[in-house]
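One structure below.
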Amino acid sequence: MHVKLSKPVQNILKNLVKTTKFWQENYLILREFKHFPKIAAIALLFSFIAAIFEGLNVTLLAAFLQNLTTPNVPFQTKFELLNTLLGADDPLPLNRLYRVSFLLFVSAWIRSGLNYLAQFYTEITQLTLVDRLRKQIFEKLQSVKIGYFNNTKSGELINTITTELEKLKQAFGDAAFLFSRTLNAVVYLTSMFWISWQLSIISLMLFSLLAVGLSTLNSRVREASFDVTKANNNFTSIAIEFINGIRTVHAFSTEDFERKRYYNASLKLVNHSKKIASVWMIVKPLAEALATTILVAMIVLAFTVFVTKGLLQTAFLLTFFFVLFRLVPIIQDINGVATHISTMYGSSEVVKKLLEIDELQYFHNGHIEFSGLKRSIEFVSVDFGYDSESLVLSNIRLMIERGRMTALVGASGAGKTTLADLIPRFYDPTRGHVFIDGVDLQHLEIKSLRRKIAVVSQDTFIFNTSVLNNIAYGSEGATDEEIYKAAQLANALEFIQEMPEGFNTQLGDRGVRLSGGQRQRIAIARALLRNPEILILDEATSALDTVSEKLIQESIEKLSVGRTVIVIAHRLSTIVRADKVVVLEQGQIVEQGGYQELLDIKGKLWKYHQMQHQLN
Ligand SMILES: Nc1ncnc2c1ncn2[C@@H]1O[C@H](COP(=O)(O)OP(=O)(O)OP(=O)(O)O)[C@@H](O)[C@H]1O
């Protein structure tokens, strides 16, 4: 008897323990609670008090039923206060009925109010948790090396920050629900044992057997949840790629190919979700049908055995079944919620993966404040590779002098952008060092370094905000006048003034789209406003019309005055103005020197020079 009873109970307990293990495994997420312990505690406290009122309700219900079925026998409890409230010594049965009805009504309303407060505070707890996790992830993403983003799909990251975090929020809601339901179950079980321990044991045995059967479905759901998260990530990636790449899709007529990819990813997601739904959805209806069968059988049995033999009063029998009737869905809920929490394993894994990004991926900041370039930037035996397999730069030895213009020249893919990216520390050398005035870049405080640098690149990002804010991006506190001045120097004033709302025109996805030349002039204005000491210019490779090109050349010249300029040069006109020309080939410097000097030796630069002349 004992063994038979313990196994089903064990199974329910196992379900509960599983969820506890879930919490243990999720320390990184759980630790966030310490930042708002009060709200979480209030949510639990309200659940707890609501459960006490649930117990009171059961007692009042028994009293109520007794007043109805045997009005002449006053209801007595072990608590004096309750007996007084119930009017146990009032000789008039009707008075007792009114009293108990009133108490039942008040207690039911209080319990409902407490349940509302518990749920409300649980929701606040969940929202606060997700808010903190979102911010944690933001901090992580801002402090990892840029290389991390080369190896991570943006779709996956966005899915984690949005969908998976939302699922995790639900899991915490489930946990709170589990807590309050468990409290209720304890209250109900206590009441049942108080009424009849024999009936309680029989009921528990039958319903535990039911729970065992259902809990075996748990493991299948858990396994399937990983596939759903994976399919979700995959789908988001494909959708984002499709939207971002829509111009390329049309240009290359790859609509059918994209459709196939998109439809397949969506179908995969549906199939995996179906698998979960087929198991998860069956739990409730199956449990309900079985529970009703057991209940009906038990009522008949109890009536014939206990009531007809005078072992139990009808009022208590009714209360017992009322409680049992309420307990069954609670047990089902506990089981169902434990199963649902199992489906969240996939979500918690990806969120955890983001929270525990490998230490090696972190960007390490230096401590020396950079106050300005005094002499030079020096590359000493620098190697660099985006991955450990191949080097993109090798053995770079280069001196960039203050106040001079250094032009980087070479075929596409030679490593020009990569070399320039090492200066604002977008990447660190794999071997060797970059020094600024003799101090290794890695020892400099990065913000102080980047404050003195402006990068004007071809893929300058235009934010979804006004022209004004786009130019002022990164120059907090710039006055409107300074912004207009920068726009003017960048030769951007004319086209900005022609826009519908001038400087207040919205740009980006949700606003006006800029042409390549206009984008670049906004970028130049942005750089000008920062008044940088070091300027990194990635010249446009795409052909601009002659007017745009002239305007941009002009503004770049203005921008370059009195600064240290590193220009990734694609045009001869730029190279002619440079104080030093550096020719790169497959990641190596093959020539460096003055423009004329290099032409005279008729080496690599001379060849480029000849080629461009032929093209022109
Ligand atoms: N984020 C990245 N991850 C991995 N490899 C990269 C990355 N960026 C560039 N590379 C590789 O590094 C090499 C050098 O690229 P880089 O952009 O520095 O060349 P570049 O000389 O500036 O070319 P272009 O003139 O076409 O801009 C190329 O082989 C390129 O494929």
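The values are calculated or read from the model by the stated rules, or taken from the named source; none is laboratory data. Treat the numbers as computed from the prediction; the structure is a model and nothing was measured. In this analysis, Cβ positions are derived from the backbone assuming ideal geometry, glycine residues included, and neighbour counts consider all displayed protein chains. The protein model used for the area step is the full one, side chains on, heavy atoms only, and it has no ligands, DNA or RNA in it. Shrake-Rupley method; radii C 1.70, N 1.55, O 1.52, S 1.80 Å.
Computed over the alpha-carbon atoms, the stretch 27-357 gives an Rg to Rh ratio of 1.13, Rh here being the Kirkwood radius from the mean inverse distance.
Of the trypsin sites (Lys or Arg not before Pro) found in the stretch 374-479, those that fall in a DSSP loop while having at most 16 other beta-carbon atoms within 10 Å are K374, R375, R402, R404.
In this view, the solvent-accessible surface of E498, computed with a 1.4 Å probe and all protein chains in place, comes to about 140 Å².
Once all protein chains are placed together, Y121 keeps about 70 Å² accessible to a 1.4 angstrom probe. Across every direction, the projection of the convex hull enclosing the Cα atoms of the chain has a mean area of 39.3 nm².
Only lysines eight or more places from K230 in sequence, or on another chain, were considered; those with a Cα closer than 19 Å are K153, K167, K169, K260, K268, K274, K275, K352, K353. Using heavy atoms of the protein chains and a probe of 1.4 Å, the accessible area assigned to T314 is about 60 Å². By the Stokes-Einstein formula, at 0.692 mPa s and 37 °C, the stretch 376-615 with its Kirkwood radius over alpha-carbon pairs has D equal to 175 µm²/s. For the chain, carbon and sulfur atoms together expose 60% of the accessible surface, with a 1.4 angstrom probe and every protein chain in place. In the full protein context, the chain carries 53 Å² of accessible surface per residue, based on a 1.4 Å probe and ignoring ligands, DNA and RNA. Helix 255-302 and the longest principal axis of the Cα set of the chain meet at an angle near 10°.
Placing unit charges on each Cβ (+1 for Lys and Arg, -1 for Asp and Glu) gives the stretch 27-357 a dipole about its Cα centre, and among N264, I52, L206 the Cα reaching farthest toward its positive end belongs to N264. Overall, the chain carries a charge dipole of about 1640 debye about its Cα centre when +1 sits on the Cβ of Lys and Arg and -1 on the Cβ of Asp and Glu, all other atoms neutral.
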